[in-house]
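For reference, the structure is listed below as C-alpha coordinates.
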Amino acid sequence: MSPQTLAAPALAAIVLAAGMGTRMRSTRPKVTHALAGWPLLGHVLDTLDALGTPAEKTVVVVGPDMPEVEAIATPRPTVIQAERLGTAHAALQARPALPAPPETVLILFGDSPLIRPQTLRAMVARRAAGAAVVVLGFRADDPTGYGRLVTDTDGDLKAIVEHKDATEDQRAISLCNSGVMAVDGTRLFGLLDRVGNTNAKGEYYLTEIVALARADGLACAVVEGDESEMLGINTRAQLAAAGREVQGRLRLMAMEGGATLIDPDTVFLSMDTRLGRDVTVGPFCVFGPGVTIGDGVEIKGFCHFEGCAVEAGAILGPYARLRPGAAVGEGAHIGNFVEVKKASVEDGAKVNHLTYIGDARVGAGANVGAGTITCNYDGFAKHHTDIGAGAFIGSNAALVAPVTVGDGAIVGAGSVVTRDVPAEALAVTRANQINREGWAAKFRAHMRRLTGKG
Ligand code: UD1
Ligand code: MG
(Lines give C-alpha, C1' and ligand atoms only; values in the text may rest on other atoms or scores of the structure.)
(Ligands and ions follow the chains in the order given, each with its own letter.)
Protein backbone atom coordinates (compact mmCIF):
# COMPACT_ATOMS: atom_id res chain seq x y z
CA MET A 1 0.00 0.00 0.00
CA SER A 2 1.44 3.41 -0.92
CA PRO A 3 1.54 6.11 1.79
CA GLN A 4 -1.02 8.18 -0.15
CA THR A 5 -3.72 5.58 0.25
CA LEU A 6 -3.29 5.29 4.04
CA ALA A 7 -6.17 6.90 5.91
CA ALA A 8 -5.14 10.04 7.82
CA PRO A 9 -5.54 9.77 11.59
CA ALA A 10 -9.04 11.00 12.39
CA LEU A 11 -8.12 13.40 15.22
CA ALA A 12 -5.85 16.37 15.83
CA ALA A 13 -5.95 19.00 18.57
CA ILE A 14 -4.88 22.59 19.14
CA VAL A 15 -4.40 23.63 22.75
CA LEU A 16 -4.26 27.38 23.39
CA ALA A 17 -1.79 28.19 26.14
CA ALA A 18 -0.17 31.47 25.11
CA GLY A 19 -1.57 33.57 27.95
CA MET A 20 0.60 34.41 30.95
CA GLY A 21 -2.45 34.48 33.24
CA THR A 22 -1.82 37.85 34.88
CA ARG A 23 -4.64 37.34 37.39
CA MET A 24 -2.67 34.50 38.98
CA ARG A 25 -0.10 37.13 40.03
CA SER A 26 2.64 34.59 39.40
CA THR A 27 6.11 34.70 37.87
CA ARG A 28 5.27 31.44 36.05
CA PRO A 29 2.85 30.94 33.14
CA LYS A 30 -0.60 29.97 34.39
CA VAL A 31 -0.78 26.54 32.72
CA THR A 32 2.34 25.37 34.62
CA HIS A 33 0.55 25.65 37.98
CA ALA A 34 -0.22 22.32 39.61
CA LEU A 35 -3.57 20.73 40.22
CA ALA A 36 -3.35 17.43 42.15
CA GLY A 37 0.41 17.42 41.59
CA TRP A 38 0.11 17.80 37.83
CA PRO A 39 0.33 20.98 35.67
CA LEU A 40 -2.92 22.40 34.30
CA LEU A 41 -1.73 21.88 30.73
CA GLY A 42 -0.77 18.28 31.61
CA HIS A 43 -4.39 17.56 32.58
CA VAL A 44 -5.63 18.76 29.18
CA LEU A 45 -2.95 16.80 27.30
CA ASP A 46 -3.72 13.62 29.29
CA THR A 47 -7.39 13.97 28.37
CA LEU A 48 -6.42 14.22 24.69
CA ASP A 49 -4.16 11.17 25.05
CA ALA A 50 -7.04 9.23 26.63
CA LEU A 51 -9.08 10.09 23.56
CA GLY A 52 -6.42 8.67 21.25
CA THR A 53 -5.24 11.97 19.76
CA PRO A 54 -1.79 11.28 18.24
CA ALA A 55 0.96 13.21 20.06
CA GLU A 56 2.42 14.55 16.80
CA LYS A 57 -0.99 16.02 15.95
CA THR A 58 -1.53 17.69 19.32
CA VAL A 59 -0.26 21.23 18.77
CA VAL A 60 0.27 23.49 21.77
CA VAL A 61 0.19 27.26 21.16
CA VAL A 62 2.58 28.94 23.60
CA GLY A 63 3.67 32.52 24.21
CA PRO A 64 7.19 33.79 23.59
CA ASP A 65 9.77 32.71 26.22
CA MET A 66 7.76 29.93 27.83
CA PRO A 67 10.28 27.05 28.02
CA GLU A 68 8.41 25.54 31.00
CA VAL A 69 5.23 25.27 28.91
CA GLU A 70 7.15 23.79 25.99
CA ALA A 71 8.68 21.22 28.37
CA ILE A 72 5.22 20.10 29.51
CA ALA A 73 4.09 19.85 25.88
CA THR A 74 7.07 17.70 24.81
CA PRO A 75 7.09 15.54 22.67
CA ARG A 76 4.08 17.28 21.13
CA PRO A 77 4.78 20.10 18.64
CA THR A 78 4.55 23.69 19.88
CA VAL A 79 4.04 26.91 17.95
CA ILE A 80 4.61 30.41 19.27
CA GLN A 81 1.98 33.14 19.20
CA ALA A 82 4.23 36.21 19.30
CA GLU A 83 1.40 38.69 19.88
CA ARG A 84 -1.79 37.95 21.80
CA LEU A 85 -4.36 39.03 19.24
CA GLY A 86 -7.20 36.69 20.23
CA THR A 87 -8.25 33.05 20.29
CA ALA A 88 -8.74 32.78 16.49
CA HIS A 89 -5.29 34.26 15.89
CA ALA A 90 -3.84 31.82 18.43
CA ALA A 91 -5.48 28.80 16.73
CA LEU A 92 -4.26 29.99 13.32
CA GLN A 93 -0.63 29.76 14.49
CA ALA A 94 -1.04 25.94 14.48
CA ARG A 95 -1.39 25.83 10.69
CA PRO A 96 2.30 25.05 9.88
CA ALA A 97 2.23 22.19 12.41
CA LEU A 98 -0.92 20.68 10.86
CA PRO A 99 -0.30 20.80 7.10
CA ALA A 100 -2.92 18.11 6.39
CA PRO A 101 -5.54 18.45 9.14
CA PRO A 102 -7.66 15.34 9.71
CA GLU A 103 -11.42 15.00 9.76
CA THR A 104 -11.75 16.50 13.25
CA VAL A 105 -9.60 19.09 14.95
CA LEU A 106 -10.35 19.74 18.62
CA ILE A 107 -9.58 23.17 20.02
CA LEU A 108 -9.12 23.41 23.78
CA PHE A 109 -7.84 25.94 26.31
CA GLY A 110 -4.82 25.01 28.42
CA ASP A 111 -6.38 26.57 31.50
CA SER A 112 -9.54 24.42 31.48
CA PRO A 113 -8.30 21.14 32.96
CA LEU A 114 -11.55 19.50 34.12
CA ILE A 115 -13.06 18.45 30.78
CA ARG A 116 -13.53 14.69 30.66
CA PRO A 117 -12.61 12.40 27.76
CA GLN A 118 -16.22 11.18 27.45
CA THR A 119 -17.41 14.76 26.88
CA LEU A 120 -14.91 15.21 24.04
CA ARG A 121 -15.94 11.80 22.68
CA ALA A 122 -19.54 13.03 22.42
CA MET A 123 -18.32 16.07 20.47
CA VAL A 124 -16.26 13.96 18.08
CA ALA A 125 -19.32 11.73 17.49
CA ARG A 126 -21.52 14.78 16.76
CA ARG A 127 -18.87 16.03 14.32
CA ALA A 128 -18.79 12.62 12.59
CA ALA A 129 -22.59 12.86 12.30
CA GLY A 130 -22.16 15.87 9.99
CA ALA A 131 -21.72 19.13 11.92
CA ALA A 132 -18.80 21.20 10.60
CA VAL A 133 -18.36 23.00 13.94
CA VAL A 134 -19.37 21.44 17.27
CA VAL A 135 -19.20 23.66 20.36
CA LEU A 136 -19.18 22.44 23.93
CA GLY A 137 -21.81 24.43 25.80
CA PHE A 138 -23.06 24.49 29.37
CA ARG A 139 -25.79 26.13 31.40
CA ALA A 140 -24.33 28.65 33.82
CA ASP A 141 -26.11 29.95 36.93
CA ASP A 142 -24.30 33.20 36.32
CA PRO A 143 -23.32 33.51 32.64
CA THR A 144 -21.63 36.91 33.01
CA GLY A 145 -18.40 37.07 31.00
CA TYR A 146 -18.99 33.97 28.88
CA GLY A 147 -19.78 33.89 25.18
CA ARG A 148 -23.49 33.06 24.63
CA LEU A 149 -24.63 30.33 22.26
CA VAL A 150 -27.35 31.60 19.95
CA THR A 151 -29.41 28.69 18.62
CA ASP A 152 -32.30 28.47 16.15
CA THR A 153 -35.61 26.74 16.81
CA ASP A 154 -34.21 23.24 16.07
CA GLY A 155 -31.40 23.77 18.56
CA ASP A 156 -28.76 24.19 15.83
CA LEU A 157 -26.06 26.70 16.62
CA LYS A 158 -26.33 29.99 14.71
CA ALA A 159 -23.61 32.11 16.30
CA ILE A 160 -21.60 32.77 19.44
CA VAL A 161 -21.77 36.28 20.85
CA GLU A 162 -19.18 37.43 23.35
CA HIS A 163 -20.58 38.95 26.55
CA LYS A 164 -19.08 42.36 25.78
CA ASP A 165 -20.66 42.40 22.32
CA ALA A 166 -24.05 40.94 23.31
CA THR A 167 -27.41 42.71 23.35
CA GLU A 168 -29.59 42.63 26.50
CA ASP A 169 -31.69 39.80 24.94
CA GLN A 170 -28.56 37.78 24.13
CA ARG A 171 -27.21 38.31 27.65
CA ALA A 172 -30.37 36.63 28.95
CA ILE A 173 -29.27 33.36 27.26
CA SER A 174 -27.92 30.96 29.88
CA LEU A 175 -26.31 28.54 27.39
CA CYS A 176 -22.62 29.45 27.40
CA ASN A 177 -19.51 28.70 25.38
CA SER A 178 -16.95 26.57 27.22
CA GLY A 179 -14.38 27.44 24.57
CA VAL A 180 -13.95 23.83 23.41
CA MET A 181 -14.70 23.11 19.76
CA ALA A 182 -14.53 20.19 17.36
CA VAL A 183 -14.09 21.50 13.82
CA ASP A 184 -13.94 19.97 10.35
CA GLY A 185 -10.18 19.89 9.74
CA THR A 186 -10.52 20.55 6.01
CA ARG A 187 -12.30 23.84 6.71
CA LEU A 188 -10.77 25.07 9.98
CA PHE A 189 -7.90 27.24 8.76
CA GLY A 190 -9.99 28.66 5.86
CA LEU A 191 -12.61 29.78 8.40
CA LEU A 192 -9.97 31.19 10.77
CA ASP A 193 -8.41 33.19 7.88
CA ARG A 194 -11.69 35.04 7.46
CA VAL A 195 -12.18 36.07 11.11
CA GLY A 196 -12.01 39.84 11.61
CA ASN A 197 -11.45 41.94 14.71
CA THR A 198 -14.20 44.53 14.63
CA ASN A 199 -15.61 43.85 18.09
CA ALA A 200 -15.59 45.28 21.61
CA LYS A 201 -12.12 43.92 22.41
CA GLY A 202 -10.55 44.43 18.97
CA GLU A 203 -9.49 40.73 19.06
CA TYR A 204 -9.74 37.93 16.52
CA TYR A 205 -12.40 35.75 18.17
CA LEU A 206 -12.39 31.99 17.56
CA THR A 207 -16.11 32.08 18.25
CA GLU A 208 -16.62 33.94 14.92
CA ILE A 209 -16.10 30.73 12.94
CA VAL A 210 -19.63 29.58 13.84
CA ALA A 211 -21.32 32.47 12.00
CA LEU A 212 -18.84 32.11 9.10
CA ALA A 213 -19.54 28.37 8.78
CA ARG A 214 -23.30 29.01 8.87
CA ALA A 215 -22.95 31.63 6.13
CA ASP A 216 -21.25 28.91 4.03
CA GLY A 217 -24.30 26.69 4.58
CA LEU A 218 -22.50 24.35 6.99
CA ALA A 219 -24.19 22.79 10.01
CA CYS A 220 -23.06 23.85 13.51
CA ALA A 221 -24.10 22.05 16.69
CA VAL A 222 -23.91 22.28 20.46
CA VAL A 223 -23.02 19.44 22.80
CA GLU A 224 -23.97 20.28 26.36
CA GLY A 225 -21.67 19.36 29.21
CA ASP A 226 -21.76 19.75 32.96
CA GLU A 227 -20.75 23.13 34.41
CA SER A 228 -18.37 21.39 36.85
CA GLU A 229 -16.18 20.40 33.88
CA MET A 230 -15.98 23.88 32.43
CA LEU A 231 -14.19 25.78 35.14
CA GLY A 232 -11.45 27.85 33.50
CA ILE A 233 -8.68 28.86 35.84
CA ASN A 234 -7.80 32.51 35.98
CA THR A 235 -7.18 33.07 39.70
CA ARG A 236 -5.71 31.18 42.66
CA ALA A 237 -9.22 30.87 44.11
CA GLN A 238 -10.38 29.14 40.91
CA LEU A 239 -7.31 26.90 41.09
CA ALA A 240 -8.40 25.86 44.58
CA ALA A 241 -11.99 25.30 43.40
CA ALA A 242 -10.73 23.09 40.56
CA GLY A 243 -8.57 21.29 43.13
CA ARG A 244 -11.68 20.40 45.12
CA GLU A 245 -13.36 19.05 41.98
CA VAL A 246 -10.32 16.97 41.00
CA GLN A 247 -9.88 15.64 44.54
CA GLY A 248 -13.53 14.55 44.52
CA ARG A 249 -12.94 12.59 41.33
CA LEU A 250 -9.66 11.04 42.54
CA ARG A 251 -11.15 9.97 45.89
CA LEU A 252 -14.05 8.32 44.11
CA MET A 253 -11.69 6.52 41.71
CA ALA A 254 -9.57 5.31 44.64
CA MET A 255 -12.65 3.91 46.38
CA GLU A 256 -13.96 2.36 43.16
CA GLY A 257 -10.52 0.74 42.80
CA GLY A 258 -10.94 -1.00 46.14
CA ALA A 259 -9.38 1.32 48.72
CA THR A 260 -11.17 2.40 51.89
CA LEU A 261 -10.87 6.09 52.68
CA ILE A 262 -12.15 6.55 56.22
CA ASP A 263 -12.88 10.25 55.66
CA PRO A 264 -12.40 10.96 51.95
CA ASP A 265 -12.74 14.74 52.29
CA THR A 266 -9.50 14.84 54.30
CA VAL A 267 -7.40 12.73 51.93
CA PHE A 268 -5.45 14.54 49.20
CA LEU A 269 -4.32 12.52 46.19
CA SER A 270 -2.19 13.21 43.11
CA MET A 271 -3.13 12.35 39.55
CA ASP A 272 -0.62 9.46 39.60
CA THR A 273 -1.34 8.05 43.09
CA ARG A 274 -1.69 4.28 42.89
CA LEU A 275 -3.52 2.56 45.75
CA GLY A 276 -3.82 -1.25 45.75
CA ARG A 277 -6.82 -3.28 46.79
CA ASP A 278 -7.94 -3.24 50.39
CA VAL A 279 -5.68 -0.34 51.25
CA THR A 280 -7.12 1.60 54.18
CA VAL A 281 -6.34 5.30 54.40
CA GLY A 282 -7.05 7.04 57.68
CA PRO A 283 -8.06 10.68 57.98
CA PHE A 284 -5.80 13.61 57.00
CA CYS A 285 -3.34 11.95 54.65
CA VAL A 286 -1.53 13.68 51.76
CA PHE A 287 -0.24 11.81 48.71
CA GLY A 288 2.19 13.94 46.69
CA PRO A 289 3.32 12.93 43.20
CA GLY A 290 4.81 9.50 42.51
CA VAL A 291 3.28 7.33 45.24
CA THR A 292 2.46 3.63 44.84
CA ILE A 293 0.84 1.69 47.69
CA GLY A 294 0.51 -2.10 47.52
CA ASP A 295 -2.47 -4.29 48.40
CA GLY A 296 -3.73 -4.42 51.95
CA VAL A 297 -1.51 -1.63 53.29
CA GLU A 298 -2.92 0.08 56.38
CA ILE A 299 -2.27 3.81 56.50
CA LYS A 300 -3.25 5.43 59.77
CA GLY A 301 -4.09 9.12 60.03
CA PHE A 302 -1.90 12.19 59.40
CA CYS A 303 0.64 10.69 57.01
CA HIS A 304 2.50 12.52 54.24
CA PHE A 305 3.94 10.73 51.21
CA GLU A 306 5.77 11.65 48.02
CA GLY A 307 7.87 9.73 45.51
CA CYS A 308 7.71 6.44 47.42
CA ALA A 309 6.65 2.83 47.01
CA VAL A 310 5.11 0.64 49.70
CA GLU A 311 4.70 -3.12 49.33
CA ALA A 312 1.70 -5.20 50.34
CA GLY A 313 0.64 -5.52 53.94
CA ALA A 314 2.79 -2.74 55.39
CA ILE A 315 1.46 -0.64 58.27
CA LEU A 316 2.19 3.09 58.19
CA GLY A 317 1.61 5.90 60.66
CA PRO A 318 -0.05 7.63 62.28
CA TYR A 319 2.16 10.64 61.47
CA ALA A 320 4.55 8.85 59.12
CA ARG A 321 6.44 10.76 56.47
CA LEU A 322 7.79 8.99 53.38
CA ARG A 323 9.91 11.23 51.19
CA PRO A 324 11.25 10.66 47.65
CA GLY A 325 13.11 7.39 47.24
CA ALA A 326 11.53 5.68 50.24
CA ALA A 327 10.78 2.00 49.57
CA VAL A 328 8.91 0.07 52.25
CA GLY A 329 8.88 -3.73 51.96
CA GLU A 330 6.11 -6.24 52.49
CA GLY A 331 4.66 -6.23 55.97
CA ALA A 332 7.10 -3.59 57.25
CA HIS A 333 5.99 -1.11 59.93
CA ILE A 334 6.70 2.62 59.83
CA GLY A 335 5.30 4.24 62.95
CA ASN A 336 4.63 7.67 64.37
CA PHE A 337 6.98 10.57 63.70
CA VAL A 338 9.20 8.45 61.49
CA GLU A 339 10.73 10.05 58.40
CA VAL A 340 12.17 7.90 55.61
CA LYS A 341 14.07 9.41 52.67
CA LYS A 342 15.95 7.66 49.82
CA ALA A 343 16.05 4.47 51.84
CA SER A 344 14.66 0.98 51.71
CA VAL A 345 13.04 -0.58 54.73
CA GLU A 346 12.92 -4.22 53.69
CA ASP A 347 10.28 -6.89 54.29
CA GLY A 348 9.03 -7.18 57.84
CA ALA A 349 11.40 -4.53 59.27
CA LYS A 350 10.04 -2.27 62.01
CA VAL A 351 10.80 1.40 62.50
CA ASN A 352 8.09 2.40 64.87
CA HIS A 353 8.85 5.63 66.74
CA LEU A 354 10.50 9.03 66.34
CA THR A 355 13.17 8.07 63.84
CA TYR A 356 14.99 9.44 60.79
CA ILE A 357 16.11 6.92 58.16
CA GLY A 358 17.82 8.69 55.23
CA ASP A 359 20.19 7.34 52.54
CA ALA A 360 19.99 3.91 54.10
CA ARG A 361 18.92 0.30 53.91
CA VAL A 362 17.15 -1.39 56.81
CA GLY A 363 17.40 -5.13 56.18
CA ALA A 364 14.50 -7.56 56.36
CA GLY A 365 13.15 -8.16 59.84
CA ALA A 366 15.44 -5.57 61.48
CA ASN A 367 14.09 -3.59 64.44
CA VAL A 368 15.00 0.05 64.76
CA GLY A 369 14.34 1.45 68.23
CA ALA A 370 12.71 4.75 69.16
CA GLY A 371 14.65 7.90 68.44
CA THR A 372 17.23 6.34 66.11
CA ILE A 373 18.89 8.71 63.67
CA THR A 374 20.93 7.88 60.59
CA CYS A 375 23.37 10.82 60.53
CA ASN A 376 23.62 10.96 56.74
CA TYR A 377 24.97 14.47 56.16
CA ASP A 378 28.31 15.96 57.19
CA GLY A 379 27.55 19.42 55.88
CA PHE A 380 29.11 18.62 52.50
CA ALA A 381 27.91 15.23 51.25
CA LYS A 382 25.34 12.55 51.98
CA HIS A 383 26.52 9.11 53.12
CA HIS A 384 24.93 5.67 53.30
CA THR A 385 23.94 3.62 56.35
CA ASP A 386 23.45 -0.11 55.91
CA ILE A 387 21.57 -2.05 58.58
CA GLY A 388 21.64 -5.80 58.04
CA ALA A 389 18.76 -8.25 58.11
CA GLY A 390 17.54 -9.06 61.61
CA ALA A 391 19.70 -6.38 63.26
CA PHE A 392 18.44 -4.68 66.43
CA ILE A 393 19.17 -0.99 66.91
CA GLY A 394 18.58 0.15 70.51
CA SER A 395 16.66 3.34 71.22
CA ASN A 396 18.26 6.72 70.69
CA ALA A 397 21.16 5.39 68.64
CA ALA A 398 22.99 7.69 66.23
CA LEU A 399 24.43 5.84 63.24
CA VAL A 400 27.06 8.11 61.70
CA ALA A 401 27.29 7.37 57.97
CA PRO A 402 29.01 5.90 56.12
CA VAL A 403 28.55 2.92 58.40
CA THR A 404 27.39 -0.70 58.27
CA VAL A 405 25.66 -2.71 60.96
CA GLY A 406 25.95 -6.37 60.02
CA ASP A 407 23.14 -8.95 59.86
CA GLY A 408 21.79 -9.87 63.28
CA ALA A 409 24.00 -7.36 65.14
CA ILE A 410 22.76 -5.45 68.21
CA VAL A 411 23.51 -1.78 68.89
CA GLY A 412 23.04 -0.77 72.53
CA ALA A 413 20.59 2.03 73.31
CA GLY A 414 22.08 5.51 73.25
CA SER A 415 25.14 4.50 71.24
CA VAL A 416 26.84 6.72 68.68
CA VAL A 417 28.09 4.29 66.06
CA THR A 418 30.93 5.57 63.88
CA ARG A 419 32.60 2.26 62.92
CA ASP A 420 31.16 -0.79 61.17
CA VAL A 421 29.57 -3.42 63.43
CA PRO A 422 30.24 -7.05 62.40
CA ALA A 423 27.32 -9.43 61.90
CA GLU A 424 25.95 -10.91 65.14
CA ALA A 425 28.14 -8.54 67.27
CA LEU A 426 27.08 -6.15 70.04
CA ALA A 427 28.18 -2.52 69.71
CA VAL A 428 27.89 -0.23 72.73
CA THR A 429 29.53 3.17 72.85
CA ARG A 430 28.11 4.60 76.12
CA ALA A 431 30.24 5.39 79.17
CA ASN A 432 30.00 2.74 81.90
CA GLN A 433 27.30 3.32 84.51
CA ILE A 434 28.32 4.22 88.06
CA ASN A 435 25.91 3.73 91.01
CA ARG A 436 26.70 5.55 94.29
CA GLU A 437 24.60 4.07 97.12
CA GLY A 438 22.78 6.69 99.24
CA TRP A 439 24.26 9.62 97.29
CA ALA A 440 20.90 11.24 96.42
CA ALA A 441 19.66 11.29 100.04
CA LYS A 442 22.96 12.81 101.24
CA PHE A 443 22.81 15.44 98.49
CA ARG A 444 19.27 16.51 99.43
CA ALA A 445 20.14 16.75 103.15
CA HIS A 446 23.15 18.92 102.32
CA MET A 447 21.08 21.26 100.10
CA ARG A 448 18.36 21.62 102.74
CA ARG A 449 20.96 22.70 105.32
CA LEU A 450 22.50 25.14 102.86
CA THR A 451 19.29 26.77 101.61
CA GLY A 452 16.86 26.26 104.53
CA LYS A 453 14.29 25.03 101.96
CA GLY A 454 12.31 21.76 101.71
C1 UD1 B 1 -13.30 32.63 25.76
C2 UD1 B 1 -14.38 32.58 24.66
C3 UD1 B 1 -15.76 32.67 25.34
C4 UD1 B 1 -15.93 31.55 26.33
C5 UD1 B 1 -14.80 31.57 27.34
C6 UD1 B 1 -14.86 30.34 28.21
C7 UD1 B 1 -13.44 33.61 22.68
C8 UD1 B 1 -13.40 34.84 21.84
N9 UD1 B 1 -14.19 33.67 23.75
O10 UD1 B 1 -13.36 33.91 26.34
O11 UD1 B 1 -16.78 32.59 24.36
O12 UD1 B 1 -17.19 31.67 26.99
O13 UD1 B 1 -13.51 31.58 26.69
O14 UD1 B 1 -13.93 30.41 29.27
O15 UD1 B 1 -12.83 32.64 22.32
N16 UD1 B 1 -5.35 32.70 24.31
C17 UD1 B 1 -4.21 32.63 23.55
N18 UD1 B 1 -3.92 33.66 22.71
C19 UD1 B 1 -4.73 34.75 22.60
C20 UD1 B 1 -5.90 34.80 23.39
C21 UD1 B 1 -6.19 33.76 24.22
O22 UD1 B 1 -3.47 31.65 23.62
O23 UD1 B 1 -4.38 35.65 21.80
C24 UD1 B 1 -5.67 31.58 25.19
C25 UD1 B 1 -5.60 31.99 26.65
O26 UD1 B 1 -4.32 31.75 27.20
C27 UD1 B 1 -6.66 31.09 27.27
C28 UD1 B 1 -7.66 30.87 26.16
O29 UD1 B 1 -6.98 31.17 24.95
O30 UD1 B 1 -6.13 29.83 27.65
C31 UD1 B 1 -8.93 31.71 26.29
O32 UD1 B 1 -8.64 33.09 26.25
P33 UD1 B 1 -9.40 34.15 27.15
O34 UD1 B 1 -8.83 35.49 26.86
O35 UD1 B 1 -9.40 33.68 28.56
O36 UD1 B 1 -10.87 34.10 26.56
P37 UD1 B 1 -12.21 34.51 27.31
O38 UD1 B 1 -12.35 35.99 27.25
O39 UD1 B 1 -12.27 33.85 28.63
MG1 MG C 1 -10.85 32.94 29.96
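In this structure, does residue 354 turn out to be at pLDDT 95 or above, open to solvent by less than 50 Å² (accessible area, probe 1.4 Å) and either outside any loop (DSSP other than H, G, I, E, B) or hydroxyl-bearing (Ser, Thr, Tyr) (or both)? Full working, then the answer.
On the way: at pLDDT 95 or above: yes; open to solvent by less than 50 Å² (accessible area, probe 1.4 Å): no; either outside any loop (DSSP other than H, G, I, E, B) or hydroxyl-bearing (Ser, Thr, Tyr) (or both): yes.
When the stated conditions are applied, residue 354 does not pass them.
So which strands (runs of 3 or more DSSP E) are wholly in the stretch 75-170 and hold at least 1 residues that are farther than 22 Å from residue 45 by Cβ and touching a strand residue (DSSP E or B) at 6+ places or on another chain (Cβ under 7 Å)?
Values: elements: 78-80, 104-109, 133-139, 148-151, 157-161.
Here the list reads 133-139, 148-151, 157-161.
Just the residues that are away from ligand 2 (no atom under 16 Å from the Cβ) and more than 16 Å from residue 213 (Cβ to Cβ), please, taken from the stretch 112-131. Before you say what the answer is, go through the steps one by one.
As a first pass, look at the stretch 112-131 and keep what is away from ligand 2 (no atom under 16 Å from the Cβ): 116-131.
Residues satisfying the conditions are 116, 117, 118, 119, 120, 121, 122, 124, 125, 128.
From the list 111, 142, 165, which residue is open to solvent by 20 Å² or more (accessible area, probe 1.4 Å), within 15 Å of ligand 1 (Cβ to nearest atom), assigned by TED's automatic domain parsing to the domain that holds residue 16 and in contact (Cβ under 8 Å) with a residue 60 or more places away in the chain?
Just a single option satisfies the conditions, and that option is 111.
Within the stretch 416-454, which residues are outside any helix (DSSP H, G or I), exposed (fewer than 13 other Cβ atoms within 10 Å of the Cβ) and of a type in the set (Gly, Ala, Ser)?
Residues satisfying the conditions are 431, 438, 452, 454.
In the stretch 210-253, which residue that is part of a loop (DSSP other than H, G, I, E, B), more than 16 Å from ligand 1 (Cβ to nearest atom) and not hydrophobic (A, V, I, L, M, F, W, C) is surrounded by the most Cβ atoms within 10 Å (Cβ to Cβ)? Break it down stepwise before answering.
In the first step, residues of the stretch 210-253 are kept if they are part of a loop (DSSP other than H, G, I, E, B); the result is 216-219, 225-226, 231-235.
Then keep just the ones that are more than 16 Å from ligand 1 (Cβ to nearest atom); that gives 216-219.
Then keep just the ones that are not hydrophobic (A, V, I, L, M, F, W, C); that gives 216-217.
Details: 216: 12, 217: 7.
Per the criteria, the residue is 216.
Would the stretch 50-73 turn up any residue that is in contact with a strand residue (DSSP E or B) (Cβ under 7 Å, 6 or more places away or on another chain), loosely packed, with under 14 Cβ neighbours inside 10 Å and closer than 28 Å to residue 291 by Cβ?
Yes, the stretch 50-73 has at least one match.
How many residues does the stretch 31-49 contain that are over 26 Å from residue 123 (Cα atoms) and either buried (at least 24 other Cβ atoms within 10 Å of the Cβ) or of a type in the set (Ser, Thr, Tyr) (or both)?
First pass over the stretch 31-49, keeping only residues over 26 Å from residue 123 (Cα atoms): 32-34, 36-37.
Imposing the further condition that a residue be either buried (at least 24 other Cβ atoms within 10 Å of the Cβ) or of a type in the set (Ser, Thr, Tyr) (or both) reduces the set to 32.
Going through the stretch 31-49 one residue at a time, the tally reaches 1.
So which residues in the stretch 25-54 are in contact with a helix residue (DSSP H, G or I) (Cβ under 7 Å, 6 or more places away or on another chain), within 14 Å of ligand 1 (Cβ to nearest atom) and polar (S, T, N, Q)?
32, the sole residue that qualifies.
Within the stretch 96-111, which residues are away from ligand 2 (no atom under 16 Å from the Cβ), under 31 Å from the mean Cα position of the chain (by Cα) and either among the acidic types (Asp, Glu) or more than 10 Å from residue 60 (Cβ to Cβ) (or both)? Talk me through it step by step, then tell me what you get.
Filtering the stretch 96-111 down to residues away from ligand 2 (no atom under 16 Å from the Cβ) leaves 96-106.
Those left that are additionally under 31 Å from the mean Cα position of the chain (by Cα): 97-98, 104-106.
Scanning the stretch 96-111 gives 98, 104, 105, 106.
The values are calculated or read from the model by the stated rules, or taken from the named source; none is laboratory data. Nothing here was measured: the structure is a model prediction, and the numbers come from that model. Cβ sites come from the backbone with ideal geometry, for glycine too, and all protein chains shown count toward neighbours. With ligands, DNA and RNA removed, areas are computed over all heavy atoms of the protein, side chains included. Shrake-Rupley method; radii C 1.70, N 1.55, O 1.52, S 1.80 Å.
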